[in-house]
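A.B. asks: Can you keep this structure in mind? I'll have questions shortly.
The values are calculated or read from the model by the stated rules, or taken from the named source; none is laboratory data. This is a predicted model, so every value here is computed, not measured. FYI the Cβ positions are ideal-geometry reconstructions off the backbone, even for glycines, and counts take in every protein chain you see.
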Amino acid sequence: MEKTQEILKHLFDLYHDKEWSEQEIIAWGKKNKERYNAWDNAFKDMALEDVFHAIDNYWRYNSNKTQPTIAKLLAMISTSENYRLKQQEKQKITKYYNLANDYMERDIRLGCCKHLISDYNRAVNYIINDLLSKEMPASEWVKLDYVGKIDQAQKKGLFNQFDDVLERLS
């Protein structure tokens with residue numbers, strides 16, 4: 001069953017008198033294409049667990065038991081602590097994932113870019129894997145994820161020697 005069908009089944013099972021089958025959900029989707037597409041577009045980038053949590057909370061705390069709209073569920077999801085933490089983690093990972101790009105863009109602005117993006121990525125990885133592993137106990141280094149390694153390398157000032165590392169590795 002697709003994600004949207006699972007969401008609608010969960011919603012319809014709670015707010016209608018009977019349990020809906022997969023075929024009934026598909027038939028409803030074909031009959032109500034515009035509404036189905038609205039549900040699909042609204043929740044396609046969200047975790048199923050977040051949507052189910054919002055539906056269940058709405059069911060628990062809404063006294064008149066009317067089916068929630070897409071907007072109400074989106075508002076509930078966006079204000080949930082779990083969702084906010086996931087978004088912050090995504091932003092943090094994206095920020096660090098682009099670290100090599102940031103260094104390359106800096107060099108382009110300064111007019112001194114003479115390396116490929118793969119060279120910049122190699123330099124970032126060398127700093128967080130080779131140099132950082134020498135700066136801290138192996139037991140601590142192994143526990144760190146990619147973002148944690150970059151954080152530690154920045155705190156220890158290892159990226160201050162980025163240009164030298166880039167030249168050596170190229």
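A.B. asks: Out of all the residues in the range 38-57, is one or more basic (Lys, Arg) and in a helix (DSSP H, G or I)?
C.D. replies: Kept after step one, since they are basic (Lys, Arg), are these residues of the range 38-57: 44.
Filter once more, so that each one left must be in a helix (DSSP H, G or I): none.
No, there is no match, as no residue in the range 38-57 is basic (Lys, Arg) and in a helix (DSSP H, G or I).
A.B. asks: Going by the structure shown, is Ile108 assigned to a helix (DSSP H, G or I) and under 24 Å from Glu89 (Cβ atoms)? Give the derivation first.
C.D. replies: Working: assigned to a helix (DSSP H, G or I): yes; under 24 Å from Glu89 (Cβ atoms): no.
No: the conditions fail for Ile108.
A.B. asks: Would you confirm whether or not the range 134-148 contains a residue that is more than 26 Å from the chain's Cα centre (by Cα), assigned to a helix (DSSP H, G or I), at pLDDT 90 or above and among the charged types (D, E, K, R)?
C.D. replies: Looking through the range 134-148, at least one residue is more than 26 Å from the chain's Cα centre (by Cα), assigned to a helix (DSSP H, G or I), at pLDDT 90 or above and among the charged types (D, E, K, R).
A.B. asks: Can you name the condition, by its number, that Glu89 falls short on among (1) surrounded by 13 or more Cβ atoms within 10 Å (Cβ to Cβ); (2) in a helix (DSSP H, G or I); (3) at pLDDT 70 or above?
C.D. replies: (1)
A.B. asks: Separate question: Restricting to the range 111-133, name every residue that is part of a helix (DSSP H, G or I), closer than 11 Å to Leu166 by Cβ and hydrophobic (A, V, I, L, M, F, W, C).
C.D. replies: Passing the criteria: Ala123, Val124, Ile127.
A.B. asks: Please work out which one of (1) under 29 Å from Gln87 (Cα atoms); (2) surrounded by 15 or more Cβ atoms within 10 Å (Cβ to Cβ) is the condition Gly29 fails and give its number.
C.D. replies: Result: Gly29 passes all but (1).
A.B. asks: Now, a different point. Can you name every residue in the range 146-165 that is in contact with a Leu (Cβ under 9 Å, 6 or more places away or on another chain), under 17 Å from Tyr103 (Cα atoms) and surrounded by 14 or more Cβ atoms within 10 Å (Cβ to Cβ)? Spell out the reasoning first.
C.D. replies: First pass over the range 146-165, keeping only residues in contact with a Leu (Cβ under 9 Å, 6 or more places away or on another chain): 149-153, 156, 158-159, 161, 165.
Retained after the next criterion (residues that are under 17 Å from Tyr103 (Cα atoms)): 150-151, 153, 158-159, 161, 165.
Result: Ile150, Asp151, Ala153, Leu158, Phe159, Val165.
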